Amino acid sequence: MSHRAERAAIRCPIDLFSRQEKEIIRLTRKINQAHTVTDKEPWAQDLIRSTEVLVGCVHYDEEATDCRLCRGFAQMRRSVADLVIKAGQLVR
């Protein structure tokens, strides 16, 4: 058995997840690289917009596990972005 971790894939019938996931990962890296919370805020706002694309998917199927996972991950990431913005408001 390999010790290498494998990523679980979300199978999206319209490939929206993989397209948005790349942008979400890029924005998350930008947030993590920013040194201050105020530097993180613009990236967090962009992250919110990217996650909204997934949360608002018109092809969402409540019965599909992949859809539920996609939406759940997007909502979690949206919550993190919201916290970054709230933290920025606290330091002003």
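Structural remarks
- Computed FRET value (nearest 0.05) for GLN45 with ALA9, which takes r as the C-beta separation and R₀ as 35 Å: 0.80
- Counting only residues at least eight positions apart within a chain, or on another chain, the lysines with an alpha carbon under 18 Å from that of LYS86 are LYS30, LYS40.
- Over the chain, relative contact order from alpha-carbon pairs under 8 Å, at least 6 apart, %: 31 percent
- From the coordinates shown, mean projected area of the Cα convex hull in nm² corresponds to which of (1) 7.5; (2) 5.6; (3) 8.5: (1)
- Computed helical MRE - 222 nm, the chain, DSSP H runs ≥ 4 contributing -39500 (n - 2.57), nearest 500: -24000 deg cm²/dmol
- Among PHE17, PHE73, a tally of other beta-carbon atoms within 10 Å of each Cβ gives an order, fewest to most, of PHE73, PHE17.
- Arranged from fewest to most other beta-carbon atoms within 10 Å of their beta carbon, THR51, THR38, THR65, THR28 become THR65, THR38, THR28, THR51.
- For the chain, modelled as a GNM whose springs connect Cα atoms under 10 angstrom apart, the maximal fluctuation among LEU69, LEU54, LEU27 occurs at LEU69.
Here, each number is a calculation from the coordinates, and none is a lab measurement. The model shown is predicted, which means the values in this text are computed figures rather than measured ones. For neighbour counting, all protein chains shown are included, and Cβ atoms are generated from backbone atoms with ideal geometry for every residue, glycine included.
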